[in-house]
Amino acid sequence: MFGLWRTVNNVLFYLTLAVGLAGLLGNGLVLWHLGLHIRKGPLSLYLLHLAAADFLFLGCQVGLSAAEAALGSRDSLHFVVPFVGFCAGLWLLAAFSAERCLSHLFPACYGRRRPRHTSAAVCGLIWALTPPAVLLPAHACGLLGGGARPGACLRFHAASVAWLLSLVGGACGAGLVLSVWGGCCSRRPRPRFFGVTLGCALLLLLCGLPLVVCWSLRPLLGPLLPLGLPPATLLACVHGSAKPLLHFAAGRQPGPRQPLRAVLRRALGEQAPREAGGLSLPMGLL
């Protein structure tokens, strides 16, 4: 049994490494095009930061996995450090899904009353608050090398679990509302980002939720945590690596091969530039 588990663990380890490297390539392409070649809009700004969070998570996961393979040791930092990037992506996904849901349900009212720099302010706030929200419970529970404080650990961990579950519920709930409204209630044509929002919500539910469960049940699992963490980490890497594929699939059209820049513009709902070398037009739907 121990030999079988060691084989399964090795297979999961190398699968995680391969998926993480592929995800770094995909998210790197999204960062390159969204960061340098496409004019920033409310939607593209969220996706830019979401790709950065996934790149951070996958980069930490691949780097720590390589260190583990080279040194043959693993500690709690291998769980905590990548989880910061994962939580930043989870928070950004919830904000992105909620804003897309509101913009589709109330387009006229939301477009007039939405402050101009909402996306930038929300993304900055998320990046500022995510590290303390993860590192404070980890420090109180002794995951960063210090001694555990049971009372503080229980309080911080309960708050972090409630926060994570609310983010998962918000992202999945917004995707469900968009699916029901767009399929049954709305007569308007579906925008291209509709598929991106719904696909991200399904990815989170199927592939991102197991890592949230492992974090939430970590004090209860104890010695059983190493059994559930490798498959949950692999699924989380699939969650972070598949989002660029969703963007490219949403913007791709039948026909000859197209530049990735044009595919991303189409997936974001942006019109083509008026002339070669010009800037893309602002998005028509917020």
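Counting the residues of segment 219-247 that are farther than 22 Å from VAL62 by Cα and free of Cβ contacts under 8 Å to residues at least 40 places away in the same chain gives 5. Checked against (1) touching a residue at least 12 places away in the same chain (Cβ under 8 Å); (2) within 18 Å of VAL168 (Cα to Cα), LEU102 meets all criteria but (1).
Matching residues to (1) at pLDDT 75 or above; (2) of a type in the set (A, V, I, L, M); (3) more than 24 Å from HIS104 (Cβ to Cβ); (4) in contact with a helix residue (DSSP H, G or I) (Cβ under 6 Å, 6 or more places away or on another chain):
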| position | (1), (2), (3), (4) |
| --- | --- |
| CYS141 | yes, no, yes, yes |
| TRP163 | yes, no, yes, no |
| VAL196 | no, yes, no, yes |
| LEU205 | yes, yes, no, yes |
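Looking only at segment 208-221, residues that are under 16 Å from ALA88 (Cα atoms) and either in contact with a His (Cβ under 7 Å, 6 or more places away or on another chain) or among the basic types (Lys, Arg) (or both) come to 1 in all. It is to be established whether one or more residues within segment 234-251 are farther than 19 Å from GLY89 by Cβ, crowded, with 19+ Cβ neighbours inside 10 Å, of a type outside the set (D, E, K, R) and modelled with pLDDT of 65 or more. Within segment 234-251, one or more residues are farther than 19 Å from GLY89 by Cβ, crowded, with 19+ Cβ neighbours inside 10 Å, of a type outside the set (D, E, K, R) and modelled with pLDDT of 65 or more.
Going through segment 49-105 one residue at a time, which ones are part of a loop (DSSP other than H, G, I, E, B) and either crowded, with 24+ Cβ neighbours inside 10 Å or basic (Lys, Arg) (or both)? Of everything in segment 49-105, just one residue is part of a loop (DSSP other than H, G, I, E, B) and either crowded, with 24+ Cβ neighbours inside 10 Å or basic (Lys, Arg) (or both), namely ARG74. Look at (1) at pLDDT below 85; (2) assigned to a helix (DSSP H, G or I) and you find that PRO115 fails only one, number (2).
May I ask you to verify whether GLY63 is of a type in the set (Gly, Ala, Ser), modelled with pLDDT of 85 or more and more than 15 Å from the chain's Cα centre (by Cα)? Show your work before the answer.
Working: of a type in the set (Gly, Ala, Ser): yes; modelled with pLDDT of 85 or more: yes; more than 15 Å from the chain's Cα centre (by Cα): yes.
For GLY63, the condition - of a type in the set (Gly, Ala, Ser), modelled with pLDDT of 85 or more and more than 15 Å from the chain's Cα centre (by Cα) - is met.
The values are calculated or read from the model by the stated rules, or taken from the named source; none is laboratory data. Quick caveat, the model's predicted, so the values are computed rather than measured. Positions of Cβ are generated from backbone atoms using ideal geometry, with glycine treated the same way; all protein chains shown enter the neighbour counts.
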